[in-house]
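Engineer: Could you have a look at this structure, given as structure tokens, before my questions?
The values are calculated or read from the model by the stated rules, or taken from the named source; none is laboratory data. As the structure is a prediction and not an experimental result, all values here were calculated from the model. Here the Cβ positions follow ideal geometry from the backbone for every residue, glycine too, while neighbour counts run over all protein chains shown.
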Amino acid sequence: MKEKHAVPVQKGKTYDISIARLGTSGEGVGRYEGFTIFVPFALPGEQVRARIALVKKNYATAALVEVLKPSPDRIQPQCPVYDRCGGCQLQHLSYEGELKEKCQQVRDALERIGHLQHIDVLPTLGANTPWHYRNKMQFPVAAAGKGKVAIGCFAAATHEVIDVTDCAIQKEGNNAIVAVVRQWMKDFKIPAYDEDARTGIVRHIMGRIGVHTGEIMVCLVTACDMVPHMKDLVQRLRRDIPGLTSVVQNVNKRHTNVILGPKTKTVYGKGTIHDSIGPLTFHISAQSFFQVNSEQAQRLYEQALEFADLKGGETVADVYCGTGTITLFLAQKAKQVYGIEIVAPAIRDAVRNAKDNHVGNAQFILGDAIYKLPELIKNGIRPDVIVLDPPRAGCGEPVLKAIAQSKPKRVVYVSCNPATLARDLAYLDQHGYHTAKVQPVDMFPRTHHVESVALMSRKM
């Protein structure tokens, strides 16, 4: 009978721990007597003192008490509420160090999860500036006692709203929107929504910035149809927000974590704003998906286009095409592109975006790729290149099976999750495709998230 080893740490006690790497949520991962311990705000190479907060059979989590031996990449966080706010995870790490760690995160996932060795993982493509890049802001609103409101981000793993007055990763226009709405709520005693009591009015504030057009949208998410003093809010926004193009109200009466409800009405201006990525222009509504980092989105799409290596005569399938942003990029160099997407409103946006950009060689198909990709082949359309941009959960085996059966020359996989990327690349590796290289792209500086573009070629 195998001897059972006792867990070497106890809850509430303090231990000195050596940190070996970063975990998938940006926390330090170390060991104490061979036992894995996760320590938020600790960095690889550091010796730290940490107090155990939670003990499980195979791991523990701990709170950082003191850094005994700091990493040379450790810096002072820029945000005053960084240690409490859950919006960022890596402000204590230099940007150069962050780019290295994100590259390592992708490499580790390929090796540990996909069991793919010797893949060429290129250095992470970093942003020109890692600050004030988010063109979309959606902040929850909560009562903070004595007539005050908290507007900001949820503390990690809680529903406590941390009040933020100047978010360091939001575009300045979004921070200005928060200031105006905050003062309006105070002056007119507009109550924040209480999700437990299900009382109050304002649930979320959303701001959207057209980075290349200067157009700005404000969306107030409310728990009721009628909002007192809405005209006063519009007046203040028009006065204090240069570039204000649109004010909309979204009504969400449901008891849910989903931010937007089914009903949106335009209060001022138009219901959409515009922004561009490269030579293409897009309509953006409150509900539209649009990459939150406009500058890095262009680099991501250009990388996908480079990996597709189109010469002008190819047929391309863009699976999980969304509103058609990557599809339209591909259409610039391909003979014909087919975008497949299961979400009907996204397909409607994609068709409109193609029309507005005078793209005639892109066709959009509503439906599940599991069925629609084989249908394309059955109808005599064989893609030379397939591009994938799935959600965090990845593709799933039926879609990957359909891709392998269609036998494109190349597969370009755009991923927001290194773990599911590694899993899906491993499947394709076993079904006739070799991963040539992977390019990490830093779409979300100062957070643990990393995007990647992988190139796969059919084995001969």
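Engineer: Report whether or not Tyr301 is among the hydroxyl-bearing types (Ser, Thr, Tyr), touching a strand residue (DSSP E or B) at 6+ places or on another chain (Cβ under 7 Å) and not in a helix (DSSP H, G or I). I'd like the intermediate steps shown before the answer.
Structural biologist: Numbers: among the hydroxyl-bearing types (Ser, Thr, Tyr): yes; touching a strand residue (DSSP E or B) at 6+ places or on another chain (Cβ under 7 Å): yes; not in a helix (DSSP H, G or I): no.
Answer is no for this residue.
Engineer: Every residue in the range 340-378 that is under 26 Å from Ile273 (Cβ atoms) and of a type in the set (S, T, N, Q), please.
Structural biologist: Residues satisfying the conditions are Asn353, Asn357.
Engineer: Separate question: Would you be able to say whether some residue in the range 151-170 is out of contact with any strand residue (DSSP E or B) (no Cβ under 8 Å at 6 or more places or on another chain), in the same structural domain as Gly200 (by TED's automatic domain parsing), exposed (fewer than 13 other Cβ atoms within 10 Å of the Cβ) and charged (D, E, K, R)?
Structural biologist: no
Engineer: How do the pairs read when you match residues in the range 30-48 that are assigned by TED's automatic domain parsing to the domain that holds Asn58 and under 12 Å from Ala60 (Cα atoms) with residues anywhere that are of a type in the set (Val, Ile, Thr) and assigned to a loop (DSSP other than H, G, I, E, B), using Cβ under 8 Å and keeping only pairs 6 or more apart or on different chains?
Structural biologist: Every condition considered, the pairs that remain are Tyr32/Val9; Phe35/Val7; Phe35/Val9; Ile37/Val9.
Engineer: Please state which one of Tyr15, Tyr82 is in a strand (DSSP E or B), out of contact with any Pro (no Cβ under 8 Å at 6 or more places or on another chain), buried (at least 16 other Cβ atoms within 10 Å of the Cβ) and not assigned by TED's automatic domain parsing to the domain that holds Gln170.
Structural biologist: When all the criteria are applied, what remains is Tyr15.
Engineer: Residue pairs, Cβ under 9 Å, 6 or more apart or interchain, first in the range 166-183 and within 16 Å of Leu237 (Cα to Cα), second surrounded by fewer than 19 Cβ atoms within 10 Å (Cβ to Cβ) and among the polar types (S, T, N, Q). List them.
Structural biologist: From the range 166-183, the pairs are Asn175/Thr165; Val178/Thr165; Ala179/Thr165; Arg182/Thr165.
Engineer: Of everything in the range 250-277, what is part of a loop (DSSP other than H, G, I, E, B) and over 20 Å from the mean Cα position of the chain (by Cα)? Give them in sequence order.
Structural biologist: Of everything in the range 250-277, those that are part of a loop (DSSP other than H, G, I, E, B) and over 20 Å from the mean Cα position of the chain (by Cα) turn out to be Asn252, Lys253, Arg254, His255, Thr256, Gly261, Pro262, Lys270, Gly271, Thr272.
Engineer: When you go through Arg107, Arg198 one by one, which is the residue that is under 25 Å from the mean Cα position of the chain (by Cα) and either farther than 30 Å from Glu27 by Cβ or free of Cβ contacts under 8 Å to residues at least 40 places away in the same chain (or both)? First the steps, then the outcome.
Structural biologist: Details: Arg198 fails: under 25 Å from the mean Cα position of the chain (by Cα).
Every option except Arg107 fails the conditions.
Engineer: Among the residues of the range 224-241 satisfying the criterion of being assigned to a loop (DSSP other than H, G, I, E, B) and touching a residue at least 12 places away in the same chain (Cβ under 8 Å), which is farthest from Arg198 (Cα to Cα)?
Structural biologist: The extreme case among them is Ile241.
Engineer: Of Ala156, Ala197, which residue is on the phi < 0 side of the Ramachandran plot, part of a loop (DSSP other than H, G, I, E, B), touching a Gly at 6+ places or on another chain (Cβ under 7 Å) and among the aliphatic types (A, V, I, L, M)?
Structural biologist: Values: Ala197 fails: touching a Gly at 6+ places or on another chain (Cβ under 7 Å).
Within the list Ala156, Ala197, the selection yields Ala156.
Engineer: Can you confirm whether Gln138 is surrounded by 15 or more Cβ atoms within 10 Å (Cβ to Cβ) and either modelled with pLDDT of 95 or more or within 27 Å of the chain's Cα centre (by Cα) (or both)?
Structural biologist: yes
Engineer: Find the residue count for the range 406-442, including only residues that are within 13 Å of the chain's Cα centre (by Cα) and surrounded by fewer than 22 Cβ atoms within 10 Å (Cβ to Cβ).
Structural biologist: 2
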